[in-house]
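What follows draws every value from the coordinates through simple rules; no lab data is involved. These numbers come from a predicted model, not from an experiment. Note: ideal-geometry Cβ built from the backbone for every residue, glycine included; neighbour counts use all protein chains shown.
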Amino acid sequence: MSYVVVRSGKRGTMEGFSEYFKALICSWSGNLNRTITLDVGVEEAHAAELMIEFMYTGRLPSESPPDELLRMIRLADQYQVSRFLAAASSSFEALPLSSLGLGLVLELFGLPQLMLEAPEMARVVGKARAKLLELYGDLEKVWASEALREQFLALPLPAVRCLLASEATCVAAENTALVALAGWVEEGAAGQAATPAQRKELLSLIRLPFLTSSFIGDILHSVPWIRDALDSRTLLNAFQFAAASESTRQRLASYEYGPSAATPHFRCPRPLSSVTRASFEWAIELSTIKRMVADAKLWGRVVELSSPLHYFAGFWWQLLFNVEKTPALPDAAPDGAAAAAAAAAATVVEFVGVRCHVNCGAADYWPRVVRFKASIAALQTGFWEMDYAYSKAIEGPIVDGVGLGYPGFFALPGQALDNEGAWSRFVRQGRVQLRCEVLDCE
């Protein structure tokens, strides 16, 4: 604790600048030549001195750092020095965004809600909001990055409210806004401490009609706290709006029960993220493929391998590489020689495909149907200008999380899948390299 001792000086000086000091001085009787002691933290001592100096000179230092200005603002609010608050707020507003760090923004949004909503704080909050949008305004980028995702989960409630309410927050699909909110509620410290009323308020900022069909049909009622927060009328309105044509939407929006002027976010989607597709690569060691083929032949079962997960538009995507031994011919004779011949004739088929699931909060979900468009490509040797020229488009539904793709993707002879020579066209540095691009999904 630090102490700042101030002489009262001319009676009108401090009274004119602060309701706090005015009330204090007016309560004195007798000798008015007294001192005032301010109990402030060690880090706030200099800011307190600057506040007192401002009350006598009306001037602020020309280049105060952001953290010092924030301390001035807090003290100005605490001691009700309105003109000092206005001056410090003006200086804070003039700061370049590059000078504001994440810690400072979080400290500001951690101030009491009543203080943040005060008219005098509008410029300060506006500056912090601009920095917040610069850091996390593209939710698609945030959720695709582990580091940014962890930072988002640590945000205080006012910051999350600011991002969800902003007309500048971008997504590839509204699914991402719901996924981000659910992650914050269930995995973030501030989210876990949020009251049901606060969760419901934040959920009202999700533009439900612009969720994709798999989210509206399977996710909203699967997450317990979301299901509890949404009443049937809200869901019905959202479903109607989502399924309607543009002309019908305009009519629904004009109805008394429809989206109102107070909730314009129901009427239009958020701005589109700069991330408009998922594109990721996956390398499989040829030695791993040969081992998978041997296991499939030996055990007569499907041997599966999957890529790391990649986020896009509400879903976590991954490539699949499976190897399966084809069954024996159905008309094979039961005698031993014929059975052995049938087993020898059986082939092994490779499968390359795509699957996805939803992680909403702390749990994973597999929607009944996810429709998507994508392409799967393999790197080839000898095609320097067209590395991924061997490509196949894929479009259709992923049902209950079961992957969709191509049996025999590489068009190699089944008896030769464990032969290095058969793979030479697709192998670089001992690896088979695949790339997936998810273009659209719902």
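Things to note:
- Rounded to the nearest 0.05, the FRET efficiency derived from the C-beta distance between residue 277 and residue 120 at R0 = 30 Å is 0.10.
- Simple Cβ-charge dipole of the stretch 38-162, Lys/Arg +1 and Asp/Glu -1, about Cα centre, in debye nearest 20: 360
- The ellipsoid that matches the Cα gyration tensor of the stretch 137-275 has semi-axes, each √(5λ) in whole angstrom, of 25, 17, 13, with the longest given first.
- Separation in nanometres of the label points that stand 7 Å from Cα toward Cβ, at residue 420 and residue 236: 6.9
- For the stretch 137-275, the relative contact order is 31 percent, taking Cα pairs closer than 8 Å that sit 6 or more residues apart in sequence and dividing their mean separation by the residue count.
- Counted charge near residue 130, where neighbours are those whose Cβ lies closer than 15 Å (Asp, Glu -1; Lys, Arg +1): 0
- If the chain linking residue 201 and residue 167 were pulled fully straight, counting 0.36 nm for each residue of separation and taking away their Cα-Cα distance, it would gain 10.6 nm.
- Environment charge at residue 366 (Cβ cut-off 10 Å; Lys +1, Arg +1, Asp -1, Glu -1): -1
- Placing unit charges on the Cβ atoms only, positive for Lys and Arg and negative for Asp and Glu, gives the stretch 128-223 a dipole magnitude near 280 debye about its Cα centre.
- Residue 189-residue 391 FRET efficiency (beta carbon distance; Förster radius 56 Å; 0.05 resolution): 0.80
- Placing R0 at 60 angstrom, the Cβ-Cβ distance between residue 365 and residue 83 gives a FRET efficiency of 0.65 after rounding to 0.05.
- Local electrostatic count, residue 291, Cβ distance below 10 Å [Lys/Arg +1, Asp/Glu -1]: -2
- Each residue, residue 268 and residue 410, gets one label point 7 Å from its Cα in the Cβ direction; the gap between the two is 5.0 nm.
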